[in-house]
Amino acid sequence: MLREKTKNAPFFLPTSSFVYCGIRMLVPCLSCHRISLDYLQVVALLLCSGDLFSLAANVTYDHRALVIDGQRKVLISGSIHYPRSTPEMWPDLIQKSKDGGLDVIETYVFWNLHEPVRSQYDFEGRKDLVRFVKTVAEAGLYAHLRIGPYVCAEWNYGGFPVWLHFIPGIKLRTNNEPFKSEMQRFTTKIVNLMKQENLYASQGGPIILSQIENEYGNVQWAYGPDGKSYVNWAAMMANSQKTGVPWVMCQQNDAPDPIINTCNGFYCDQFTPNSHNKPKLWTENWSGWFLSFGGRVPYRPVEDLAFAVARFFQRGGTFQNYYMYHGGTNFDRTSGGPFISTSYDYDAPIDEYGILRQPKWGHLKDLHKSIKLCEKALVATDPTNSTLGPNLEAHVYKTSGQCAAFLANIGTSDATVTFNGKSYNLPAWSVSILPDCQNVVFNTAQINAQSTTVEVLYKASETRPSDQPIDSSEVLQSDWEYVNEPVGISKSDAFKKNGLVEQINTTADSSDYLWYSISIEVAGHEPFLTNNMQSNLHIETLGHVLHVFVNGNLSGSAKGKKITFEQPILFTTGTNKIDLLSATVGLQNYGAFFDLGGAGITGPVQLRGQNSTKDLSSEEWTYQIGLKWEESNLESGSRINSNWISAPTFPKNRPLVWYKSNLESGSRINSNWISAPTFPKNRPLVWYKSSFNAPEGNDPIAIDFTGMGKGEAWINGQSIGRYWPTNTAPQNGCSGSCNYRGSYNSDKCTKNCGQPSQYLYHVPRSFIRSGSNTIVLFEEMGGDPSLISLVTKQVRSICGHIGETHPAPLVDSQLSSTMPMMGSNPVLNLECQYPNQVISSVKFASFGTPTGECGSFSHGGCSSSAALDIVKQECLGSKSCSISVSTKKFGDPCKKLIKSLAVEVVCSNRTAGTSFAHKKMYGKISVQCIANVMRLKRNVKVTATVMNTKKKKMQQN
């Protein structure tokens with residue numbers, strides 16, 4: 001709220017006033033922060049296009065929708081998880097979400113991230129939840145805070161801190177007092193944090209919804225009557241927080257009033273809330289699927305995703321959230337699973353690197369515009385439905401003065417239907433949207449949005465181009481250096497115990513690694529031996545990775561959720577040492593009692609001979625939690641550490657090696673670097689280090705880890721996550737293309753068969769320093785760090801393929817119109833993604849019957865000879881261009897056939913004479929900010945005159 005102006009005193013801009021409507025972004029453009037109240041009101045009116053978040057809002061609901069300040073709302077939402085990107089990325093991601101037509105940003109809250117040790121909290125950097133929510137608000141969007149605090153999310157341990165597991169008498173996610181006490185304490189902590197910053201809508205903030213628990217209804221049956229009691233308690237506890245906004249429970253059909261039960265899934269059009277007094281909300285529309293190490297890469301066609309969204313609104317929904325809208329990256333050891341990859345791209349509309357995934361982003365943007373045209377009708381009444389034929393449906397929202405219709409073909413064949421006396425073509429598995437019940441403005445199967453190709457450019461050396469992998473020695477600033485990680489027990493805190501121990505109970509997830517070590521005496525005549533001093537070593541584990549060393553040498557490795565390892569090993573006479581390294585790859589995050597799943601070597605461990613078996617399971621073992629150099633800050637690459645070996649060559653393809661390279665120049669003070677004639681390659685347990693210069697420009701950065709085995713990587717001391725390029729997808733199960741028609745599931749559309757599940761690993765720009773940067777690798781299995789490559793990702797080619805039968809495009813100005821103008825031709829729109837780019841060349845243009853996809857278009861049976869010249873004339877040298885798809889424009893190369901226009905162009909940076917710098921929005925004068933000031937100059941005199949006239953009249957009265 002605005003403070004009142006005291007008589008004859010200037011008005012000061014308080015930091016909390018109008019902070020969420022954009023005025024704070026204008027202040028740097030002004031010469032003085034002392035602003036009169038009248039002037040400030042003008043600024044507020046000009047800049048704040050929607051509800052002022054600084055003004056408290058009343059958020060309720062009825063059976064149709066969420067109700068904000070008495071108005072029902074149709075809301076489009078998207079998930080962005082703040083720790084899966086960086087604070088520097090947040091403004092751009094959120095702005096792109098807003099540009100894509102979103103109203104709401106949804107995020108989980110990650111308990112184990114914020115409270116890694118009980119009562120010790122961390123909200124810094126990527127964990128700065130308050131900053132993230134404020135960034136959402138500054139973009140003029142609402143927020144949905146899914147506190148949980150169980151989140152699933154393919155996140156380590158489902159978001160629970162592992163220390164919960166060790167509280168005496170605790171049972172997670174059930175009617176258990178120790179757990180409920182901890183859950184309430186953390187929930188209250190987060191709610192109070194939001195309240196302290198006035199972030200709930202009831203306080204003038206952006207948060208309009210909160211969630212308690214998460215998909216508990218999927219597993220509630222396993223907990224018996226205590227499950228129901230727990231649900232009722234969680235609802236009561238949430239409501240007692242008095243946030244002033246509604247709470248939801250997803251996948252919880254028995255959610256007690258006033259909690260809203262919501263739907264998660266690929267489709268939620270058939271979902272019905274458990275009360276007629278509650279609206280139909282969709283909290284997770286899965287935009288793709290998560291990737292696992294060793295799995296195929298899943299994707300979801302945008303035609304099907306748009307179909308699912310349109311069907312939801314067609315059948316009465318009013319709030320829909322994409323899970324994910326930007327997936328991001330599982331930095332550090334945050335991925336769950338087990339075996340969830342470091343990339344959490346999720347085939348989302350904004351990809352892992354922050355690049356728009358086209359045409360998914362653009363097609364959904366067009367969908368959102370079309371739905372918004374129907375908003376008044378959608379919130380005014382319930383739909384009436386009718387059948388237009390087999391698998392053909394119409395739903396109509398009609399009141400006095402409002403009418404919107406959705407026509408659906410839920411079959412797999414195209415159809416023509418008659419509705420309101422007019423004929424409409426309905427492609428298979430599609431929905432047409434008619435905001436006036438007459439004219440089709442959008443069809444989910446007909447894509448008007450442009451598509452793009454993203455190029456991976458390898459950092460060039462003096463002798464290699466940038467379109468192919470380059471030996472790291474050609475682009476790094478120094479030779480690789482390394483430190484060997486000892487095999488077996490090497491730390492003073494190792495301990496002995498009879499029998500085998502479960503890994504999570506032992507390590508408390510403080511490390512991925514646990515050593516199991518035992519020594520046995522062999523004379524040569526033991527019955528467990530076969531010929532030639534051999535025995536079959538049999539090991540059973542709960543996973544996730546096992547490395548077996550005998551007398552210091554790697555004998556074999558295995559991976560899986562459950563592992564049975566059996567392999568002959570060779571002994572020598574005397575003492576023989578067996579060292580077993582067990583590694584986790586993310587803790588389980590889903591399922592009933594998921595926290596009890598366990599990991600590590602649980603046995604038996606046996607030596608099997610021809611005549612006898614020796615069981616080692618119950619004998620005395622020595623255990624070591626973690627690696628020796630994990631506790632030595634080795635990942636920082638500091639020269640203070642004296643254990644690195646510097647040499648012109650190094651160990652390759654050898655497991656358990658840490659690699660690095662020099663960052664600082666000059667003296668080696670406090671360092672005992674050892675020069676050696678060779679460097680280890682393809683050898684386990686080695687740390688490596690090197691350094692590199694920051695790539696020029698602002699393009700996203702990644703590292704191609706081809707050549708490495710498995711491990712973790714750090715850039716300037718910050719972990720970019722686990723890498724595992726040797727874990728490849730199955731050879732079969734992928735198809736060249738995926739038919740979007742028919743129900744989607746996570747296995748329907750996959751790619752990358754026979755290839756590494758992930759070979760590129762995101763390095764956020766904010767991790768990079770200008771000049772020299774340090775990279776440290778811990779190689780667990782064995783690899784060759786000289787083969788890794790530094791790359792950037794760029795959008796170069798943009799494409800469009802529009803048919804004559806496609807709906808004419810919607811424009812932003814039509815969103816405020818009662819009736820959009822109809823009857824124009826379809827239009828192919830192309831626009832370079834970056835501000836400093838223009839269309840520099842046309843690679844392909846064809847009007848007729850072209851085929852193929854972006855990057856592989858080809859002319860069909862007929863093509864207009866004028867197409868290429870027309871496109872060049874319309875597009876070259878421009879940032880964007882629009883081309884009418886019609887025979888009037890191109891002529892008719894093949895009469896009586898439905899024709900289409902396919903175009904591929906290349907975007908490049910402007911030449912030096914015409915380029916302009918891309919300004920940041922914060923702390924610098926931006927183009928938009930200058931425009932706002934110019935509008936102020938034009939309007940402030942008029943507004944001041946009006947206000948002064950009103951004041952004079954008040955004084956006269």
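Using a 1.4 angstrom probe on heavy atoms only, work out the carbon and sulfur share of the accessible area of region 380-444 in %. So the carbon and sulfur contribution to the accessible surface is 44 percent. Placing R0 at 22 angstrom, the Cβ-Cβ distance between residue 561 and residue 508 gives a FRET efficiency of 0.60 after rounding to 0.05. Taking all protein chains in place and a 1.4 Å probe, what share, in percent, of the accessible surface of region 491-624 do carbon and sulfur account for? That share works out to 45 percent.
Here the spin labels are modelled as points 7 Å beyond Cα on the Cα-Cβ line, and at residue 694 and residue 422 they lie 5.5 nm apart. Solvent-accessible area assigned to carbon and sulfur over region 122-218 amounts to 45 percent, based on a 1.4 Å probe.
Packing, as the average of other Cβ atoms within 10 Å across residues, places the peptides 441-448, 846-853 in the order 441-448, 846-853, highest first. Between residue 274 and residue 834, the simple spin-label model (points 7 angstrom out along Cα→Cβ) gives 5.1 nm. Pair-distance distribution P(r) for region 116-176, from all Cα-Cα distances in 5 Å bins starting at 0: 4, 13, 17, 24, 17, 11, 8, 4, 2, 0 percent. Averaging the sequence gap over all C-alpha pairs within less than 8 Å and six or more residues apart, then dividing by the number of residues, gives region 71-357 a relative contact order of 19 percent. Accessible surface for region 213-275, divided over its residues, is 37 Å² per residue with a 1.4 Å probe. Only lysine pairs 8 or more places apart, or on different chains, with alpha-carbon atoms under 17 angstrom apart are counted in region 491-624, and they number 4. Measuring r between the beta carbons of residue 117 and residue 894 and using R0 = 60 Å, the FRET efficiency lands at 0.25. For region 218-349, the square roots a ≥ b ≥ c of the C-alpha gyration tensor eigenvalues yield an a/c of 1.5 or more together with a/b not exceeding b/c, which makes the shape oblate. Dividing the mean sequence gap of close Cα pairs (under 8 Å, 6+ apart) by how many residues region 380-444 holds gives a relative contact order of 25 percent. Extension gain, residue 805-residue 188: 0.36 nm per intervening residue step, less the Cα-Cα distance, totals 216.6 nm. Entry note, region 90-249: relative contact order of 24 percent, from Cα contacts under 8 Å with a spacing of 6+ residues. Sorting 587-598, 404-415, 610-621 by average packing, meaning the other beta carbons within 10 Å per residue, from highest down gives 404-415, 587-598, 610-621. With a Förster radius of 30 Å applied to the beta-carbon distance between residue 755 and residue 592, the computed FRET efficiency rounds to 0.30.
Label-to-label distance, residue 386 versus residue 254, with points set 7 angstrom from Cα along the beta-carbon direction: 4.2 nm. Highest mean packing comes first when the peptides 734-743, 548-557 are listed by Cβ atoms within 10 Å, giving 548-557, 734-743. Taking 0.36 nm per residue of separation and subtracting the current Cα-Cα distance, fully stretching the chain between residue 95 and residue 737 would add 227.9 nm. A Cα-only calculation for region 71-357 places Rg and Dmax at 17.8, 51 Å.
Once backbone amide H atoms are built at 1.01 Å from N, residue 585 has 339, 544 as its partners under 5 Å, excluding neighbours fewer than 5 places away on the same chain.
The value given for region 380-444 is a Kirkwood hydrodynamic radius of 11.8 Å, derived from the mean inverse Cα-Cα separation. For region 349-418, compute Rh as the Kirkwood radius over C-alpha pairs and then the Stokes-Einstein diffusion coefficient at 10 °C and 1.306 mPa s; write the answer in µm²/s, rounded to an integer. The calculation lands on 111 µm²/s.
Beyond 19 Å, the tail of the calculated P(r) for region 491-624 holds 49 percent of the Cα pairs. When the square roots of the Cα gyration tensor eigenvalues are ordered a ≥ b ≥ c, the ratio a/c for region 675-802 is 1.5 or more and a/b does not exceed b/c, which makes its shape oblate.
The values are calculated or read from the model by the stated rules, or taken from the named source; none is laboratory data. What you are looking at is a predicted structure, and each value in this text was computed from that prediction instead of being measured. When we count neighbours, we look across all protein chains shown, and the Cβ atoms used for this are built from the backbone with ideal geometry, even at glycine. SASA here: full protein model, heavy atoms, side chains in, ligands and nucleic acids out. Shrake-Rupley method; radii C 1.70, N 1.55, O 1.52, S 1.80 Å.
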